[in-house]
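To start, the structure under review is shown below, and the notes come after it.
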Amino acid sequence: MKSKVKTLKEAMEMIHDGQTIMICGFTFAGSPVKLIDGLVEKGVKDLNLISNDTCTPEFGIGKLIVNKQIKKLTASHIGLNKETGRQMTAGELEVTLVPQGTLAERFRSAGAGLGGFLTPTGVGTIVEEGKQKININGKDYLLELPLRAEVALIKAWKADKSGNLTYRRAARHFNPLMATAADFVIVEAEEIVEVGELDPEIVFTPGIMVDMIVQA
C-alpha cells in the first residue's frame, strides 16, 4: 500500500487563498501546530476557517487571527483570544458563533451525508436568526445544516502509513468528525508507524478518510 506520509511543504501546496478549511483543536489540546505554523509561513489569506475556538494570540490558530489570514470564522468559543474579539467588534473579521454540540453535529451530518438535523438548542436566542424553525408535537426546533470544508487539518497521536488514526484521551474531541467532513484531510501525527502496528480496536479514524500525513 502506498504511503500517505508527506512533507510539510507538500501538505501546504494543498491550501490556497480563499479556501474553506477546518482546523481541529480544543484550546491547546489536539491542535495541529506544525500545520498551522506552515500556514503562517506560507502567508495564505482570506481563509474561511471552521474551528472550535481560536486558542490564544501566541499559539496555534491564534497566530492566523493575529496575522489577519482569516476572513470568516465559524466557531463555538473565542473568549481566550482577545484579538479575535477585537477584530469581530471592529468589523475586521466575520464571526459566526455556533453552540458547541450543534457544531459537532453539523460535522457529523456532513460526514454522514445528511441534509441537516433538528435541535431545540438556540430557539428563542440570536442563534435562530436566519434559520428555519420547525414545530413538532408542539415544540420548536431549528434546522441546522451540514458543515463541510475543502481541507481539514487534524491532529493524531499515532498514524500508520495508510492513514489509520488513533488519538490521545481528550485530544480526540472533534478530530474524527472533521476527518469525515472535508474533501481533503491532512493529519499531523506525533508518531507514524507501519501498517498493521495499530490495534484495530483503537483506530477511531480509518485510513480511507485521510489523504496526507505529516510528522509532528
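Observations on the model:
- Condition met for GLU188 (under 15 Å from ALA112 (Cα atoms), open to solvent by less than 50 Å² (accessible area, probe 1.4 Å), at pLDDT 95 or above and not hydrophobic (A, V, I, L, M, F, W, C)): no
- Selection of region 90-105 for residues being part of a helix (DSSP H, G or I) and either open to solvent by 70 Å² or more (accessible area, probe 1.4 Å) or in contact with a Lys or Arg (Cβ under 9 Å, 6 or more places away or on another chain) (or both) yields only GLN100.
- If the condition is being exposed (fewer than 11 other Cβ atoms within 10 Å of the Cβ), more than 18 Å from GLN100 (Cβ to Cβ) and not polar (S, T, N, Q), then region 122-137 contributes GLY124, GLU129, GLY130, ILE136.
- Some residue of region 27-39 being hydroxyl-bearing (Ser, Thr, Tyr) and farther than 30 Å from ASN137 by Cβ: yes
- Hey, LEU114 outside any helix (DSSP H, G or I), touching a strand residue (DSSP E or B) at 6+ places or on another chain (Cβ under 9 Å) and open to solvent by 70 Å² or more (accessible area, probe 1.4 Å) or not: no
- Within region 75-84, if we keep just the residues that are under 18 Å from PRO99 (Cβ atoms) and more than 16 Å from the chain's Cα centre (by Cα), the residue that is surrounded by the fewest Cβ atoms within 10 Å (Cβ to Cβ) turns out to be GLY79.
- Enumeration of residues in region 46-74 that are in contact with a strand residue (DSSP E or B) (Cβ under 8 Å, 6 or more places away or on another chain), part of a strand (DSSP E or B) and surrounded by fewer than 21 Cβ atoms within 10 Å (Cβ to Cβ): ASN48, LYS71, LYS72, THR74
- Pairing each residue of region 200-216 that is within 17 Å of SER31 (Cβ to Cβ) and at pLDDT 95 or above with any residue that is of a type in the set (D, E, K, R) and open to solvent by less than 60 Å² (accessible area, probe 1.4 Å), provided the two are 6+ apart or on different chains, yields C-beta distances under 9 Å for ILE213/LYS4; ILE213/ASP160; ILE213/GLU188; VAL214/GLU188; GLN215/GLU188.
- Residue satisfying condition, being touching a residue at least 24 places away in the same chain (Cβ under 8 Å), more than 21 Å from THR96 (Cβ to Cβ) and touching a helix residue (DSSP H, G or I) at 6+ places or on another chain (Cβ under 8 Å), within set ALA189, ALA156, ALA170, ALA181: ALA156
- With respect to the conditions (1) out of contact with any Asp or Glu (no Cβ under 6 Å at 6 or more places or on another chain); (2) open to solvent by 20 Å² or more (accessible area, probe 1.4 Å); (3) modelled with pLDDT of 95 or more, GLN19 lacks only one, and its number is (1).
- Residue tally, condition of a type outside the set (Gly, Ala, Ser), open to solvent by less than 10 Å² (accessible area, probe 1.4 Å) and either closer than 17 Å to LEU8 by Cα or at pLDDT below 95 (or both), over region 138-159: 3
- For region 44-64, a residue qualifies if it is at pLDDT 95 or above and farther than 21 Å from ASN175 by Cβ, and the qualifying residues are VAL44, LYS45, ASP46.
- Filter pass, ASP37 being of a type in the set (D, E, K, R) and over 12 Å from the mean Cα position of the chain (by Cα): yes
The values are calculated or read from the model by the stated rules, or taken from the named source; none is laboratory data. Note that the structure is predicted; figures quoted are calculated from it, not measured. Virtual Cβ from ideal backbone geometry, glycine too; neighbours counted across all protein chains shown. Heads up: the accessible areas ignore ligands, DNA and RNA and are worked out on the full protein's heavy atoms, side chains in. Shrake-Rupley method; radii C 1.70, N 1.55, O 1.52, S 1.80 Å.
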